[in-house]
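The values are calculated or read from the model by the stated rules, or taken from the named source; none is laboratory data. Keep in mind that this is a model prediction, so the values were computed, not measured. Virtual Cβ from ideal backbone geometry, glycine too; neighbours counted across all protein chains shown.
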Amino acid sequence: MNQSFTTSRSFTASRWTPDNYFKPATITVTDKAIYISQGSMFTGLRERMIPLHHVSSVSIRTGTFFAAVRVQSTGSLNIAWHGFRNEDALAIRDLIYSRMSKTESQ
């Protein structure tokens with residue numbers, strides 16, 4: 001029996017930042033994709049999945065306490081989330097790039 005297990009790591013934005021009061025944004029990075037969910041009191045839950053082979057760049061903008069993470073994928077899809085701790089934003093970027101390099105070498 002051949003099972004493949006994917007490892008994942010999740011990061012949750014702070015509730016102290018705008019748009020994250022009711023349901024903070026969550027980014028989960030797996031071996032094959034990035035999963036993002038963000039909820040709102042009025043619009044419900046919004047979820048996205050970006051396969052790692054579609055990611056073209058990841059950038060972060062750090063502030064005094066919190067940072068924004070921006071992922072640009074092929075097809076000019078540009079998605080940004082904010083409210084992550086600065087350390088988490090750096091870890092998200094580094095984790096995505098390391099997982100991307102692993103998938104490219106396979």
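Descriptive notes on the structure:
- Subset of the stretch 27-54 [of a type in the set (S, T, N, Q) and either closer than 12 Å to Ile96 by Cβ or touching a Gly at 6+ places or on another chain (Cβ under 6 Å) (or both)]: Thr28, Thr30
- Boolean, Ile92 is under 17 Å from Ser8 (Cα atoms), of a type outside the set (S, T, N, Q) and at pLDDT below 95: no
Okay, residues lined up against (1) closer than 14 Å to Arg93 by Cβ; (2) modelled with pLDDT of 90 or more; (3) aromatic (Phe, Trp, Tyr):
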| position | (1), (2), (3) |
| --- | --- |
| Ser8 | no, yes, no |
| Val29 | yes, yes, no |
| Ile34 | yes, yes, no |
| Ser40 | no, no, no |
| Arg48 | no, no, no |
| Ala67 | yes, yes, no |
| Val71 | yes, yes, no |
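- Count of residues meeting criterion [more than 12 Å from His53 (Cβ to Cβ) and assigned to a strand (DSSP E or B)] in the stretch 66-106: 16
- Which listed residue is part of a strand (DSSP E or B), over 11 Å from the mean Cα position of the chain (by Cα) and closer than 17 Å to Arg99 by Cα, from Ser10, Ser57: Ser57
- In summary, Thr17 fulfils each of the numbered conditions (1) of a type in the set (S, T, N, Q); (2) part of a helix (DSSP H, G or I); (3) in contact with a Gly (Cβ under 7 Å, 6 or more places away or on another chain) with the single exception of condition (2).
- Conditions (1) in contact with a helix residue (DSSP H, G or I) (Cβ under 6 Å, 6 or more places away or on another chain); (2) more than 16 Å from Ser8 (Cα to Cα); number of the one not met by Met100: (2)
- Residue satisfying all of: in the stretch 63-85; surrounded by fewer than 15 Cβ atoms within 10 Å (Cβ to Cβ) and polar (S, T, N, Q); farthest from Val29 (Cα to Cα) among these: Thr64
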